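The values are calculated or read from the model by the stated rules, or taken from the named source; none is laboratory data. Owing to the predicted nature of the structure, the values given are computational and were not obtained by experimental measurement. So basically every Cβ, Gly included, is an ideal-geometry build from the backbone, and we count neighbours across all protein chains shown. Side chains are part of the model used for accessible areas, which takes the heavy atoms of the whole protein and leaves out ligands, DNA and RNA. Shrake-Rupley method; radii C 1.70, N 1.55, O 1.52, S 1.80 Å.
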Amino acid sequence: FHLNYSFSRKQAPRYTSPMELRLALAGLAALALAQGIGRFAFTPLLPMMQDDAGLSLAQGGSLAAANYLGYLVGAMWAMRPANAAFVIRASTVVVAAATLAMGFSHGMALWALLRFVAGVASAWSLVYVSAWCLARLDGRHMGIVFAELRWRGLTPPADPKDEYRPVPPTRGAP
């Protein structure tokens with residue numbers, strides 16, 4: 001047994017390859033684009049719609065509900081197999097087009113339809129981008145995903161005698 005006390009500079013181990021980093025950044029960009037436009041671009045539009053079109057808070061809530069219904073329908077629809085590359089591209093275009101069309105259209109029914117369509121496309125993007133990225137990663141990173149789910153109590157314990165109680169991580173542990 002020999003301890004090496006040399007202070008020579010050693011290169012830190014790499015946990016992520018350049019290809020995995022590019023893959024993660026591509027997934028991040030696709031999700032930020034689809035979710036950012038589809039979900040968060042509507043927030044600054046709402047006050048303008050209230051001022052210009054006389055939209056009430058209840059009508060704004062109805063538009064949000066139409067969007068959430070679109071998320072639900074889109075997520076359920078995304079369980080069907082499809083070409084992920086096509087769906088990711090198409091969903092990004094549909095989200096952008098539906099959000100842009102909100103500025104050029106009038107009427108509650110059309111706005112609700114556009115928010116629903118944006119919700120469906122946003123859900124497609126969320127499901128297919130996540131699946132596309134995870135399918136291309138090797139198994140080394142899956143432990144992080146499942147460890148987080150287990151810690152939050154979203155998956156059953158490995159031993160049936162264990163309780164469904166998450167144990168918080170220890171801070172400052174070596």
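Computed with a 1.4 Å probe over protein heavy atoms only, the accessible area of W77 comes to about 130 Å². Each residue of segment 77-87 was assigned a 3J(HN,Hα) from its phi angle through the Karplus expression (A = 6.51, B = -1.76, C = 1.60, θ = phi - 60°), giving 5, 6, 6, 6, x, 7, 6, 4, 4, 5, 5 Hz with x at Gly and Pro. Net charge near A121, counting Lys/Arg +1 and Asp/Glu -1 over other residues with Cβ under 13 Å of its Cβ? Around A121, the charge tally is +3.
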